[in-house]
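The values are calculated or read from the model by the stated rules, or taken from the named source; none is laboratory data. Model, not experiment: these values are computed from the prediction. Methodologically, a virtual Cβ is constructed for each residue, glycine included, from the backbone with ideal geometry; neighbour enumeration extends over all protein chains shown. Only protein heavy atoms, including side chains, enter the accessible area calculation; ligands, DNA and RNA are left aside. Shrake-Rupley method; radii C 1.70, N 1.55, O 1.52, S 1.80 Å.
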Amino acid sequence: MASRKTKKKEGGALRAQRASSNVFSNFEQTQIQEFKEAFTLMDQNRDGFIDKEDLKDTYASLGKTNVKDDELDAMLKEASGPINFTMFLNMFGEKLSGTDAEETILNAFKMLDPDGKGKINKEYIKRLLMSQADKMTADEVDQMFQFASIDAAGNLDYKALSYVITHGEEKEE
């Protein structure tokens with residue numbers, strides 16, 4: 001019986017190792033570093049795990065002190081186990097996996113840019129996004145424009161926006 005438990009433990013460790021190695025390959029090194037900084041900020045008691053008290057303290061540091069325990073429990077239940085850094089990365093990987101690859105997003109924008117200038121008129125794209133397929137609201141479009149480079153002529157730099165959508169920040173040049 002003990003040997004079966006040992007084998008089970010080793011198998012679990014192997015699965016955890018495979019899962020962790022896969023999750024690290026899903027992110028660029030700079031992204032991993034940013035996630036590590038965020039994890040460290042949230043791990044208020046510095047024990048290597050994010051728990052309910054860490055979440056309460058994090059919210060308190062942001063000025064929100066009336067977070068309900070059931071809200072915190074719901075957040076913690078999103079993880080399949082204790083939230084160490086690897087689990088934290090896995091959770092973000094799952095949340096971000098719905099984002100298309102940068103090339104796919106760029107190709108979609110290029111369909112609207114027959115001259116290949118890398119820019120689309122802001123009002124044109126706004127009309128399209130609010131009237132076609134999965135219609136966006138004016139607020140959603142305006143929120144997207146906050147992360148977009150728009151020149152004086154009112155043209156959106158869709159290459160930069162595609163980068164922001166897939167990487168979370170603009171390239172530093």
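Residues satisfying the criterion are absent from the range 124-134 (criterion: of a type in the set (Asp, Glu), open to solvent by 60 Å² or more (accessible area, probe 1.4 Å) and either touching a helix residue (DSSP H, G or I) at 6+ places or on another chain (Cβ under 9 Å) or in a helix (DSSP H, G or I) (or both)). Checked against (1) among the hydrophobic types (A, V, I, L, M, F, W, C); (2) farther than 28 Å from Glu28 by Cβ; (3) in the same structural domain as Gln29 (by the TED database), Ile83 passes all but condition (2). Across the range 68-96, the qualifying residues are those that are open to solvent by 40 Å² or more (accessible area, probe 1.4 Å) and of a type in the set (A, V, I, L, M, F, W, C), and the one among them that is nearest to Lys52 (Cα to Cα) is Leu76.
When Thr58, Thr40 are checked against the criterion of being of a type in the set (Ser, Thr, Tyr), surrounded by fewer than 15 Cβ atoms within 10 Å (Cβ to Cβ) and outside the structural domain of Met144 (by the TED database), a single residue qualifies: Thr40. Going by the structure shown, is Phe147 open to solvent by 60 Å² or more (accessible area, probe 1.4 Å) and either touching an Asp or Glu at 6+ places or on another chain (Cβ under 9 Å) or assigned by the TED database to the domain that holds Phe49 (or both)? Judged against the criteria, Phe147 is a match.
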